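Q: After the structure tokens below, expect a handful of questions from me.
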Amino acid sequence: MTTDLPVPTTTPTTTTTPTTTSDAGSTESPTAPPRPGQLTFTAPRRGKPPRHLADLTPAERKEAVVALGHQGFRAKQLSTHYFERLVDSPEDMTDLPKGVRDDLVADLLPTLLTPLVQRTADDGATIKSAWRLHDGAIVESVLMRYPKRVTICISSQAGCGMNCPFCATGQAGLTRNMSTAEIVEQVVSAARLLRRGELAGGTDEDSEAPLRVSNVVFMGMGEALANYKAAVGAIRRLTDPAPDGLGMSARGITMSTVGLVPAIDKLAAEGIPVTLALSLHAPDDALRDELVPINTRWKVDEALDAAYRYYETTGRRVSIEYALIRDINDQAWRADLLGQKLAARGRGWVHVNPIPLNPTPGSKWTASRPGVEQQFVERLRARGIPTTIRDTRGQDIDGACGQLAAATA
């Protein structure tokens with residue numbers, strides 16, 4: 001099996017290069033928990049999910065419909081039902097003749113996500129959903145309603161191969177990559193839920209438009225840039241004008257990464273101005289090697305340089321995600337070092353989001369003290385770096401950052 005991740009062209013500059021698993025020559029079970037520092041880029045071999053309309057471009061949908069023996073315009077009808085009308089029952093596709101409908105739905109709109117568990121928090125304004133995929137793998141997504149927006153945090157892989165020790169998902173290891181359609185279906189399912197009025201949490205009095213998903217963040221399970229082709233395909237389905245896609249603004253989509261430098265540069269060249277969020281968590285290589293093992297491949301300065309190139313290419317301000325861990329990465333000198341590194345690359349290109357560490361089962365780490373957290377923020381701001389403590393939602397249902405897959409019941 002090949003991987004969508006570009007291969008590094010330089011030798012790592014550290015002597016503690018992690019083990020990277022692959023399909024060939026591995027002596028471990030692909031579902032075994034990773035060893036400390038181990039990175040997994042190549043997903044274990046598993047059966048492919050069924051082909052779905054959302055996997056295909058509009059032209060490919062028409063070809064698929066014709067290949068099934070139907071008229072090509074049926075592809076547009078299917079797309080309208082799925083992306084625009086959010087229909088999930090074949091019986092509601094009344095513009096399709098019964099015989100044609102059953103055939104097309106079976107071939108191009110198969111069930112991809114089966115609801116497993118749904119948990120709510122924040123008086124119903126946050127919903128975490130666990131989904132079972134066709135092969136039994138489990139992924140999670142989190143839907144959050146705010147006063148003027150609705151955000152969904154989606155998964156791009158079942159598990160994660162990046163092995164950050166403070167993240168529940170990373171500690172579980174990588175089960176497999178998700179398909180483009182499996183990624184998109186999380187958003188479509190959320191849109192259906194909103195249309196049915198099942199998400200609580202305030203009103204949108206200043207808007208007469210129907211409530212819809214306004215923001216998508218690739219911050220759920222998985223490193224999306226390690227599943228590059230499917231993740232970018234999903235972004236295109238989300239941003240394609242209806243009925244070919246959901247018609248979302250690219251500016252409402254955030255792609256999070258631990259710092260896969262070649263993939264960041266590749267994303268910048270796609271011409272889709274999504275927001276890049278770099279999960280940094282430490283400004284110095286010694287600590288980041290431990291907290292974010294990808295740092296043994298691409299160092300802090302390499303990741304920041306790639307983030308700055310992304311800003312230069314797209315014009316989109318980059319977010320720096322920084323989980324504040326008590327007595328580990330929250331020292332004042334680390335705030336100063338981070339501010340120094342960011343300011344040295346210019347002004348107006350970056351925004352820092354410190355995140356109080358969310359607890360996970362068995363973790364030896366916890367969130368920074370409030371006073372330390374505030375000092376960290378103030379020292380960054382003193383260097384002219386816009387900084388905002390990120391809102392934590394869904395912590396009590398294991399739905400906050402770093403908690404997905406910590407519990408599904």
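The values are calculated or read from the model by the stated rules, or taken from the named source; none is laboratory data. Just so we're clear, the structure is a prediction, and the values are computed from it rather than from any experiment. Methodologically, a virtual Cβ is constructed for each residue, glycine included, from the backbone with ideal geometry; neighbour enumeration extends over all protein chains shown. The area values use the complete protein model at the heavy-atom level, side chains included, leaving out ligands, DNA and RNA. Shrake-Rupley method; radii C 1.70, N 1.55, O 1.52, S 1.80 Å.
Q: Rounded if a/c is under 1.5, else prolate if a/b is larger than b/c, else oblate: which is region 232-370, with a ≥ b ≥ c the root eigenvalues of its Cα gyration tensor?
A: Taking the square roots of the gyration eigenvalues as a ≥ b ≥ c, region 232-370 is prolate.
Q: Here's a follow-up. Would you kindly find the accessible area of Thr254, with a 1.4 Å probe and non-protein molecules such as ligands, DNA and RNA excluded, rounding to the nearest 10 Å²?
A: Answer for Thr254: close to 20 Å² accessible.
Q: Which value, in debye to the nearest 20, describes the size of the charge dipole of the chain about its Cα centre when Lys and Arg Cβ atoms bear +1, Asp and Glu Cβ atoms bear -1, and nothing else is charged?
A: 360
Q: Full extension from Arg369 to Ser214: what is 0.36 nm times the residue separation minus their Cα-Cα distance, to one decimal in nm?
A: Taking Arg369 through Ser214 to full extension adds about 52.5 nm, to one decimal.
Q: Where both residues lie in the chain, what percent of DSSP beta bridges are antiparallel, nearest 5?
A: 50
Q: Per DSSP helix of 4 or more residues, -39500 (n - 2.57); summed, then divided by the residues of the chain. What does that give at 222 nm, rounded to the nearest 500?
A: That calculation yields -8500 deg cm²/dmol at 222 nm.
Q: Okay, moving on. Suppose each label sits 7 Å from its Cα in the direction of the beta carbon; what would the Arg390-Asp92 distance come out to in nanometres?
A: Reported label-point gap for Arg390 and Asp92 is 3.3 nm.
Q: Apply the a/c threshold of 1.5 to the C-alpha gyration tensor of region 314-355 and tell me whether it is rounded, prolate or oblate.
A: In terms of gyration-tensor shape, oblate.
Q: Continuing with this model, one more query. Apply the a/c threshold of 1.5 to the C-alpha gyration tensor of region 40-164 and tell me whether it is rounded, prolate or oblate.
A: oblate
Q: Given H placed 1.01 Å from N in the peptide plane, which residues other than close sequence neighbours of Leu174 have an amide H under 5 Å from its amide H?
A: Residues meeting the criterion, in which the H sits 1.01 Å from N, are Cys160.
Q: Using a 1.4 angstrom probe on the protein heavy atoms only, line up Tyr228, Tyr311 by accessible area, largest first.
A: Tyr311, Tyr228
Q: In whole percent, how big is the carbon plus sulfur part of the accessible area of the chain, probe 1.4 Å, protein atoms only?
A: Ligands and nucleic acids excluded, carbon and sulfur reach 50 percent.
Q: Still on this structure, please answer the following. In square angstrom, what is the accessible area per residue of the chain with a 1.4 angstrom probe?
A: 42
Q: Reachable lysines from Lys62, Cα under 26 Å, same-chain residues fewer than 8 places away excluded?
A: Cross-link targets: Lys48, Lys76, Lys98, Lys229.
Q: Continuing with the same structure: Give the long-range amide H neighbours of Arg317: residues separated by 5 or more places, or on another chain, with amide H under 5 Å away, using H modelled in the peptide plane at 1.01 Å from N.
A: So Arg317 has HN proximity to no qualifying residue.
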